[in-house]
Amino acid sequence: MELLLVMNRRVIALAALLTVGVSAVRAQWDVQFSDFTALKSFYNPAVSGTDGRLNVAATYSVQMGGYEDAPQTMYVGADLPVYFLSPRHGAGVSFLTDDNSIFKTTRVSVQYAYNLKVGKRGKLAVGFLGSLMSEKVDKSGVELEDNSDPAFPSAQLDGSKVDMGAGLYYYHPKAWLGVSAQHLLAPTLVMGETNEVSIPRVYYLMGGYNIKFKNSLISLQPSFLVQSDLDVWREDVQCKVVYERDEKKFYGGVGYSPNTSVTVLAGGVFHGICLGYSYQLYTSGVGLINGSHEVVLGYQTDLDLFKKGRNKHKSVRWL
């Protein structure tokens, strides 16, 4: 049941939209990325600029691969510390498009974070996100036996709304933990004269740990993500084995979501250039073959201008 709600979040909205004209959508609305540790600022705006680096990430994901008109998601985001204000400020921007054939969601966001030093190496940050969301319904991508079927809109419908998010994030080279909320305004997008789509608030809890083996270049990096709209829940656990030497890093790992999927991941970081691939195999519903493919391409560079000498601080963004 959970998988069906996650994979068909727009289909549920469409059914309600076409049936009664007003949809009170209580399904998993937001996109679920397989390699969530590589995209922490997508889930939590407080992450922005906390590691003293410029972080740029672009992601392309195809869900239920092999099906015609399979859902596709593209995300591009960047964040960095804002040192001309003070080393405590961080900022970010992002763009998301999620195409589910009939439904297409677009979101443009800006993020701000303020962080405080905790102990010798830790930071605690609070962040805020402002975004403009737009939703479009277009039946032109669907083949119908009867194009005059009144169950489908005869014209394209679209609507847009301002939205907000917020989060808290604790960061340490050995561990990190964050809690955040998206769609705090629970926006209702008016589409046409009589149709509406309501987006529920979604809450996230994320965390991870860096287990460094003594006298070894290998580390073990487990992490987790819990997300819910207080009606539907999804839990993900993940573990990566990382080999790191000089400015090069290689990793492989597995992830698991109860009653939903198993994920395999692989990638690396080469002189600041980050490349990762993951494949999510569904354990119910569509089956193992028609899983989700996800590619992440990123770039990182050190911007901590207030440290003397070379900054040996390691980002936990790409665990």
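Taken together, the values in this text are just the output of simple stated rules run on the coordinates, not laboratory data. Because the structure is predicted, anything quoted here is derived from the model rather than measured. Please note: Cβ atoms are built from the backbone with ideal geometry, for glycine as well, and neighbour counts cover all protein chains shown.
Between ARG245 and ASN215, what is the spin-label point distance in nm, taking each point 7 Å from the Cα along the Cα→C-beta axis?
1.7 nm
If I take R0 = 25 Å and measure r between the Cβ atoms of TYR299 and ASN259 in this structure, what FRET efficiency does the formula 1/(1 + (r/R0)^6) give, to the nearest 0.05?
The formula returns an efficiency of 0.10 here.
Which of LYS104/LYS240; LYS123/LYS249; LYS117/LYS161 have a Cα-Cα distance over 26 Å?
Checking Cα-Cα distances, LYS104/LYS240; LYS117/LYS161 exceed 26 Å.
If the viscosity is 1.567 mPa s and the temperature 4 °C, what translational diffusion coefficient in µm²/s does Stokes-Einstein give for region 231-279 when Rh comes from Kirkwood over Cα pairs?
Calculated translational D: 107 µm²/s.
Mind giving me the FRET efficiency for THR188 and VAL110? R0 is 25 Å, r the Cβ-Cβ distance, nearest 0.05 is fine.
Step by step, r from the Cβ atoms, then E = 0.70.
Return P(r) of region 180-282 (all Cα-Cα pairs; 5 Å bins starting at 0; whole %; ordered from short to long distances).
Bin by bin from 0 Å, the calculated values are 3, 11, 15, 16, 15, 12, 11, 8, 5, 3, 2, 1, 0, 0.
Evaluate the distance, in nm, between pseudo-label points positioned 7 Å from the Cα of LEU275 and of GLN156 along their respective Cα→Cβ axes.
In this crude label model, LEU275 to GLN156 measures out at 3.6 nm.
Once the piece of chain linking LYS120 and VAL62 is laid out straight, how much longer is it, given 0.36 nm per residue of separation minus the C-alpha distance between them?
Taking LYS120 through VAL62 to full extension adds about 16.7 nm, to one decimal.
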